[in-house]
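For reference, the structure is listed below as structure tokens.
FYI, it's all coordinate maths here, none of it is from the lab. Just so it is clear, the model here is predicted, and its values are computed rather than measured. When we count neighbours, we look across all protein chains shown, and the Cβ atoms used for this are built from the backbone with ideal geometry, even at glycine.
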């Protein structure tokens, strides 16, 4: 399953190309299940700007080859980046934060696998997690198995996704319930290509369903901020059902070849013209003449050879 952070990276990249570097809103509507064999085509569409300079965005996917239907996975909006939107950096000298309690990570990814979420080596980037009250702090880094250069990304999806794992690692609830992001608000990227991140996650709602994020590099310089990230509980049976879903329509379009119609060699052609040979250039006058003079069928011709194609008609009814 493509992580939700990959949709964020796609949206930020598209916004940067059109001068709207701030992701105002991104809602994930349907998971993108990657096939065991082959690939998928992904289409990101950005609208023209409105009066305020904002644009809408959609993300669709289709089977590799483009024969199936396009499925919409995400919708959102983009806005120009404000020069004053960057938040203060987290001081590097106080990392990990004072009074923050470390969280044991032993067996964390094994427990996630039991719920149906099996993360590959590249996505197992948690290096440390700390908890201070309701705040969660995390340090994440790309492992040596990562083949892609992080400088090719704005914010590597595996890094941002690993930062979200810290919430589950620091949670005190049961491990059977996991939470996945479904809505992002106010995402701003200030620096690209980081290979290691420090993250602070703070609950923004009374039910703990939404979080704000402050992301810095190893020196404490701002990398990204997220005003609000809403999550939803996901249960193992839902994950397994999504993985087993067949993303192929029950219907498909097949073309059936039809033979050409056979026509006889002899064709009858009726030529209709006014009896006196006058050339009327007004269709109304021609109709009045027909009514006044009666039928105007002049002759009936029959050819023994195929008729030539009609190339033009000057006045017809």
Order of 179, 127, 98 - criterion: other Cβ atoms within 10 Å of each residue's Cβ, fewest first: 98, 127, 179
Residue exposure sequence - 70, 95 - by fewest surrounding Cβ within 10 Å: 70, 95
Most to least packed among 14-26, 52-64 [average Cβ atoms within 10 Å]: 14-26, 52-64
Three-way shape label, the stretch 107-156, alpha-carbon gyration tensor, a/c 1.5: oblate
P(r) of the stretch 30-79 over all Cα-Cα pairs, binned every 5 Å from zero, in whole percent: 5, 20, 24, 19, 12, 11, 6, 3, 1
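Given a Förster distance of 30 Å, report the FRET efficiency between residue 43 and residue 1 from their Cβ-Cβ distance, rounded to the nearest 0.05.
After rounding to 0.05, the efficiency reads 0.95.
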Unit Cα scatterers, Debye sum, the stretch 4-244: log10 I(q)/I(0) for q = 0.08, 0.11 Å⁻¹: -0.30, -0.58
Which of 182, 137 has the fewest Cβ neighbours within 10 Å, and the rest in rising order: 182, 137
